[in-house]
1. Only helices at least 15 Å long along their axis, Cα-based, and averaging -1.0 or more on Kyte-Doolittle count here, so list those DSSP H runs from the chain.
2. How big is the antiparallel share of DSSP beta bridges in the stretch 5-127, given as a percent to the nearest 5?
3. Percent relative contact order of the stretch 72-112, based on C-alpha pairs within less than 8 angstrom and at least six residues apart?
4. Which whole-number value in Å³ per residue fits the convex hull of the alpha carbons of the chain?
5. Would you report the distance distribution of C-alpha pairs in the stretch 27-75 as whole percents per 5 angstrom bin, up to the bin with the largest distance?
6. Most fluctuating residue of 31, 68, 20 in a GNM of the chain with Cα springs under 10 Å: which is it?
7. In deg cm²/dmol and to the nearest 500, what is the mean residue ellipticity at 222 nm of the chain if only DSSP H runs of at least 4 residues count, each as -39500 (n - 2.57), divided by the residue total?
8. Hey, can you find the accessible area per residue of the stretch 5-127 for me, probe 1.4 Å, expressed in square angstrom?
Amino acid sequence: MPHETILIVEDNPQNLKLARVLLRSEGYDARTAIDAEQALILLEQIEPKLILMDIQLPGMDGLELTRRLKGKPETKQIVIIAITAHALVENEQKAREAGCDGYIVKPIDVTTLPLELARYLGAQASAG
Ligand code: MN
């Protein structure tokens, strides 16, 4: 069973709960934040391997939070997977430009998400 820490940043309570329950059932240490400010505070205390990043957040959005994290030596190595409601090519481009390592479209697919996460975490491990 995996046990890596994954941080979920998501302002929608139902989506947040779904992701948390799913990740914990897969054996991950799933931590949560409901906005960018809470995520930044939490990241002072934990070092997740991966962040599931909702792009649409109140206040600072997920793209800006990603830019900040990728711009800091202590957080730039965290794999960031953007989650967005719309499967638009320009959204994916914006996510990549902000520094996101991957891109998932809502609604969360409970069958494929664990496989995608394992793939991203595996790719990071083999990259050293
Ligand atoms: Mn949102």
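The values are calculated or read from the model by the stated rules, or taken from the named source; none is laboratory data. As the structure is a prediction and not an experimental result, all values here were calculated from the model. Calculation scope for accessible area: heavy atoms of the full protein, side chains included, ligands and nucleic acids excluded. Shrake-Rupley method; radii C 1.70, N 1.55, O 1.52, S 1.80 Å.
1. 13-25, 113-127
2. Numbers: 0 of 18 bridges.
About 0 percent, rounded to the nearest 5.
3. Across the stretch 72-112, relative contact order equals 46 percent.
4. Enclosed volume per residue, from the Cα hull, is 100 Å³.
5. Reading upward from the zero bin: 4, 19, 35, 26, 12, 2, 0.
6. Checking each option, the largest mean-square fluctuation is seen for 68.
7. -12500 deg cm²/dmol
8. 52 Å²
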